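Visitor: Here it is, the structure, as structure tokens.
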Amino acid sequence: MELLDWHKLMRADLLKSGKLLIAQPFMQDAHFSRTVVFLCEYGEEGSLGFILNQPTALNIGDLLPELYYPSLNVNQGGPVQLDTLHMLHRMPERIGGIEVDNGVYWGGSFDALQSQSSDAALNTADIMLFVGYAGWSPGQLEQEISDGSWLISDVSQHVVFDTAPEDVWKAAVLSLGKEYSHLVNMPVNPGLN
């Protein structure tokens with residue numbers, strides 16, 4: 001039986017923009033318990049990403065009334081700057097943005113999105129909106145990884161865009177390989193194990 005190498009997915013040298021940060025099963029931080037963060041910026045000045053699996057009851061029309069898409073919900077991107085609105089998408093030809101990794105784009109034009117509001121061909125499943133973001137000061141994320149808080153994985157468009165929020169953490173863990181599949185059955189509280 002091969003031993004599971006936990007440390008291979010908890011190495012800070014794997015960090016870069018475009019990675020997924022998968023919260024360890026027993027993370028107790030209320031903001032990040034059982035979350036998956038898409039890391040958009042990583043560098044000497046710190047890191048920034050968006051939590052993929054914390055939906056809110058808001059849709060874009062609640063924040064920008066001129067952009068009415070009832071099926072375009074807004075997610076809680078993280079606990080930092082809750083007065084900001086961000087988007088991840090896979091529609092650069094329609095709304096612009098910067099490719100972070102593997103066909104996932106960050107940013108773009110809300111004006112371009114608004115101009116397409118009557119386009120029936122616009123697939124809102126290709127866009128994710130976020131209020132706020134997850135941010136780390138220089139060295140903070142590396143320390144959290146060293147402490148064992150996060151697993152690091154390559155990005156998957158399927159996990160980012162095509163997975164229901166309640167299934168994102170499980171799908172991200174399963175994407176690590178079958179040797180990690182037992183993590184999805186661990187209780188949030190290790191005392192219940």
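The numbers here are math on the coordinates, done by the rules we state, and not lab data. Not measured: the values here are computed from a predicted model. Cβ: placed from backbone, ideal geometry, glycine included. Neighbour counts: every protein chain shown.
Visitor: Below 8 Å between Cα atoms, with a sequence gap of 6+, how large is the relative contact order for the chain in percent? All intermediate terms of the calculation are to be shown ahead of the outcome.
Guide: Details: 371 pairs, mean separation 54.0, N = 193.
Result for the chain is 28 percent.
Visitor: Sticking with this structure for a sec: Evaluate the charge dipole of the chain about its Cα centre and quote only its size in Debye, nearest 20, assuming +1 on the Cβ of each Lys and Arg and -1 on the Cβ of each Asp and Glu. Kindly include the intermediate steps, with their values, before the conclusion.
Guide: Numbers: 9 positive and 24 negative charges, 81 e Å.
Here the chain has a charge dipole of around 380 debye.
Visitor: Right, here's the next one. For segment 73-107 and segment 117-183, what is the centre-to-centre distance using only Cα atoms, to the nearest Å?
Guide: Between the Cα centre of segment 73-107 and that of segment 117-183, the gap is 13 Å.
Visitor: While we're on this one: Using a/c under 1.5 as the rounded threshold, could you call the chain rounded, prolate or oblate? The axes a ≥ b ≥ c are square roots of the C-alpha gyration tensor eigenvalues, and prolate needs a/b larger than b/c, oblate otherwise. Mind dumping the intermediate values first?
Guide: Details: a/c = 1.90, a/b = 1.74, b/c = 1.09.
Prolate.
Visitor: Here is a further query. If we count every other residue with Cβ under 13 angstrom of LEU183's Cβ, Lys/Arg +1 and Asp/Glu -1, where does the sum land? All intermediate terms of the calculation are to be shown ahead of the outcome.
Guide: Details: positive: ARG34, LYS170, LYS178; negative: GLU179.
Taking every Cβ under 13 Å from that of LEU183, the sum is +2.
Visitor: If I model a spin label as a point 7 Å beyond the Cα along the Cα-Cβ vector, how far apart are those points for SER156 and GLN28 in nm?
Guide: The two pseudo-label positions are separated by 3.0 nm.
Visitor: Give me the number: length gained by fully extending THR84 to GLU45, i.e. 0.36 nm times residue separation minus the C-alpha to C-alpha distance, one decimal in nm. Before the final figure, lay out each step's value.
Guide: Working: separation 39, 0.36 × 39 = 14.04 nm, distance 1.97 nm.
Between THR84 and GLU45, full extension yields an extra 12.1 nm.
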